[in-house]
Amino acid sequence: MIEFDEQAKKLVIKLVYYGPALSGKTTNLLTLHDQLCNEGRGDLMVLDTVDDRTIFFDLLPLFYHSPSGFRIKLKVFTVPGQVRHDATRKAVLQRADGVVFVADSQKGEMGNNAESFANLEKNLAIVGLDIERLPLVIQFNKRDLPDVISETEVRNTWGKTGLHLVMASALKGSGIVETYSSIVAMVFDSLDARLGLNERFGVERADFLNSITKVMA
Ligand SMILES: Nc1nc2c(ncn2[C@@H]2O[C@H](COP(=O)(O)OP(=O)(O)OP(=O)(O)O)[C@@H](O)[C@H]2O)c(=O)[nH]1
Ligand SMILES: [Mg+2]
C-alpha cells in the first residue's frame, strides 16, 4: 500500500535500510546526507540512540517536484539492527517500497549477515510484502577494512540470488550514492509500471533520478 494521492498529484515513497547491528546503516544515511545536493534534501533525523546504536530509526526525507506539477517525497529509513529490536524493525518495514540490505564485509560477520537476511525475509512476509517483487539491493559495506571477505566470494555466495550487489564504505564515502541510486531507480520503475507516473502524470524518469540523486558539486 503506497501513499499515493492521485487528486493532489502526490506520492510518498518509502525506502528502508535493513541489516545486522553495526553494519553501517546509520552511517549510510549520514554519508548520503553529506554527499547529496542540499536542494530537495531535508534534514536528517537520527533518533533515540544508546551508545550510537539505533533503538528506533533514522530518517532522511527528500523531495522532488516535476515540471508537470507532480510531487514525490522520498523517505529513507534505517532500522535498528540489534536482534532485540525486532518489533521496531517490523514496524519500520511496513509499506516499504524498496529495501537496501546493508551487510558487514568483515570475515567474522557472515553469520550475522545471514541471520539478519533471514529475519528480513520473515518480517517481509509478516508485513505482507513479497520479497520476489520488492525492489532490493544488497550492499557489502566496510570494504575499507583489512579483514573482509573478497569481492569474488561475495559474488559467488550472494550473486546467485540475482540481486543487485554494491561494494561500499560508508565511512570513506564510496558506493553510498551508487547504492541509493540503484534502489531509487528500481523503485521508480516498479511504481511507474503500477501507477503510470510518466504516462499519466508526466514524470520523466531521467529528470526524477537526476534530481533526487544529485550530488554536491
Ligand atoms: N571501517 C568502517 N567502519 C564503518 C563503516 N560504516 C560504519 N562503520 C562503523 O561501524 C559502527 C556502526 O555504524 P552504524 O552506522 O551506527 O551501524 P548501524 O547499522 O546503524 O547499527 P545499529 O543502529 O545498531 O543497527 C560505527 O562505529 C561506524 O563508524 C565503514 O564503511 N567502514
Ligand atoms: Mg543505526
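The values are calculated or read from the model by the stated rules, or taken from the named source; none is laboratory data. Note that this is a predicted model, so its numbers are computed, not measured. Ideal geometry is used to build each Cβ from the backbone, glycine not excepted, and the neighbour counts take in all protein chains shown.
Things worth noting here:
- When L60, L30, L22, L15 are checked against the criterion of being within 16 Å of ligand 1 (Cβ to nearest atom), of a type in the set (A, V, I, L, M), touching an Asp or Glu at 6+ places or on another chain (Cβ under 9 Å) and part of a loop (DSSP other than H, G, I, E, B), a single residue qualifies: L22.
- The residue of the range 57-82 that is nearest to I126 (Cα to Cα), among those that are out of contact with any helix residue (DSSP H, G or I) (no Cβ under 8 Å at 6 or more places or on another chain), away from ligand 2 (no atom under 12 Å from the Cβ) and not aromatic (F, W, Y), is K75.
- Verdict on R71 being in contact with a His (Cβ under 8 Å, 6 or more places away or on another chain), modelled with pLDDT of 95 or more and among the charged types (D, E, K, R): yes
- Residue match in the range 200-214 (condition: of a type in the set (A, V, I, L, M), more than 26 Å from T26 (Cα to Cα) and surrounded by fewer than 16 Cβ atoms within 10 Å (Cβ to Cβ)): yes
- Looking only at the range 143-178, and only at residues there that are among the hydroxyl-bearing types (S, T, Y) and over 22 Å from L32 (Cβ atoms), the one that is nearest to the chain's Cα centre (by Cα): T161
- Per-region count, the range 33-56, residues in a strand (DSSP E or B) and either in contact with a helix residue (DSSP H, G or I) (Cβ under 6 Å, 6 or more places away or on another chain) or under 17 Å from A96 (Cβ atoms) (or both): 1
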